[in-house]
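Read through the structure below, which is laid out as structure tokens, and then see the notes.
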């Protein structure tokens, strides 16, 4: 289905523009991404709901609504200053059971850029299952999506799963902590691993630290701490 | 010297607010930072020019001008929504000769957040000398300063130094490249090292790649590339 929309006042355009708002995303069970790279990844993940584009996209399933829009309309739908020709509305991700032997647990990571970068890195090093605690920022935040470079479409991202269940299933819980008792370099990779990264300001929460089998530090000097996405990447690389 | 300033229209306040602009910073040879943590680091580096604060700061050298300002004035001077009580005007950093045996070279890193995160990581892993190519973004950009967490005050940051000179002095040049011929894990740390990170979109430039002794890749899967600050951190950790 292909339709033209030329007015920024069109009701559908107004609805889609509102997907910048987390509440509306939850209500509508939809989010939006920008650019052809993201569209490709959304297509592979079978999550495309509809597409708003300057030029007709030829290799899109015909049942997916395709709206040919003007630059003004695209600008209204876009959250960047330079929209890349297409805005794609997607269904929210499905949560699947954890099945890989390397799991990443993010404990209240609150910065959207950090979250996106962590997801991009997780995918690169084979952490295909990612658990987000309740107070993590949203994976559908536009900054997160951009920093993730589409990684969210290839990961299994699960919300607020109880870590003690994984522990009971033989996973070792390794929490990163500035003052952790063991240096990362002394730790070898467990057979089944949950790697925990904490909040930017407060680190990993007390309840998770209690559950952890090891508290791991990355040895640094001259500065108080590393950025959480950096610390996480170094640990994921070590345990890849 | 302590003076009060209550008006946002005060000429000095207007001048300092303009330091958000790169051209003005260059002209005035000054930049500004926010918050007490940054002020502490600026003090240690002996770079404090003047201070604008809500409450008198007791342990500041008496020759440094201290301006007691209202919240409205501080807001005007600040680039964040929640100024942290103090804005500190600093002299630009001095460039010193390269003397450490681990040097980081940033080839047109253009994102301010990436640059700041890289500088924070460089300090943490003992890369005390950092060379910036001509087209890197500014270290005085407010996002860079924030992401660096004050690391700029402890590093020696040099602009546009010719790498062939370091090579002639016995440094090995290792450039990171997505399609590099050697995996990072196969490379051992040279005695004298220049680690090169490239631009977010284009990687390391051809001229620097030609100069490089090795082109190093970080093995990843399922995604095209890592964020430059992430790739850099993994390499710096490996060669720390």
Worksheet item: Does at least one position in the range A:196-203 carry a residue that is within 14 Å of another protein chain (Cβ to nearest Cβ), more than 16 Å from residue A:107 (Cβ to Cβ) and outside any helix (DSSP H, G or I)?
Response: no
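Conditions (1) assigned by TED's automatic domain parsing to the domain that holds residue A:108; (2) touching a helix residue (DSSP H, G or I) at 6+ places or on another chain (Cβ under 7 Å); (3) closer than 25 Å to residue B:148 by Cα, marked per residue:
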site: A:143; (1), (2), (3): yes, yes, yes
site: A:164; (1), (2), (3): yes, yes, no
site: A:191; (1), (2), (3): yes, no, no
site: A:213; (1), (2), (3): yes, no, no
Practice prompt. Go through the range B:50-71 and give me each residue that's in contact (Cβ under 8 Å) with a residue 40 or more places away in the chain and either surrounded by 18 or more Cβ atoms within 10 Å (Cβ to Cβ) or assigned to a strand (DSSP E or B) (or both).
Written response: B:52, B:66, B:67, B:68, B:69
Worksheet entry | Residues being over 14 Å from residue B:115 (Cβ atoms) and facing another protein chain (nearest Cβ under 8 Å) - total across the range B:226-240 | 3
Response to the item:
Only one of (1) out of contact with any helix residue (DSSP H, G or I) (no Cβ under 8 Å at 6 or more places or on another chain); (2) free of Cβ contacts under 8 Å to residues at least 60 places away in the same chain; (3) not in a loop (DSSP other than H, G, I, E, B) does not apply to residue A:120, and that is (1)
Practice prompt. Scan the range B:101-118 for residues that are touching a strand residue (DSSP E or B) at 6+ places or on another chain (Cβ under 8 Å) and more than 10 Å from every other protein chain (Cβ to nearest Cβ) and jot them down.
Written response: B:101, B:102, B:103, B:104, B:105, B:106, B:107, B:108, B:109, B:110, B:115
Worksheet item: Among the residues of the range B:204-225 satisfying the criterion of being free of Cβ contacts under 8 Å to residues at least 40 places away in the same chain and away from every other protein chain (no Cβ under 12 Å), which is surrounded by the most Cβ atoms within 10 Å (Cβ to Cβ)?
Response: B:212
Response to the item:
Residue set B:180, B:170; condition touching a strand residue (DSSP E or B) at 6+ places or on another chain (Cβ under 7 Å), away from chain A (no Cβ under 14 Å) and in a loop (DSSP other than H, G, I, E, B); output residue B:180
Worksheet entry | Number of the condition not met by residue A:152 [criteria: (1) away from chain B (no Cβ under 14 Å); (2) in contact (Cβ under 8 Å) with a residue 12 or more places away in the chain] | (1)
Item to complete: Identify, from the list B:27, B:84, the residue that is outside the structural domain of residue B:144 (by TED's automatic domain parsing) and modelled with pLDDT of 95 or more.
Response: B:27
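The values are calculated or read from the model by the stated rules, or taken from the named source; none is laboratory data. Computed from a predicted structure; not experimentally measured. Counting neighbours? That spans all protein chains shown, and the Cβs are built from the backbone with ideal geometry, glycine included.
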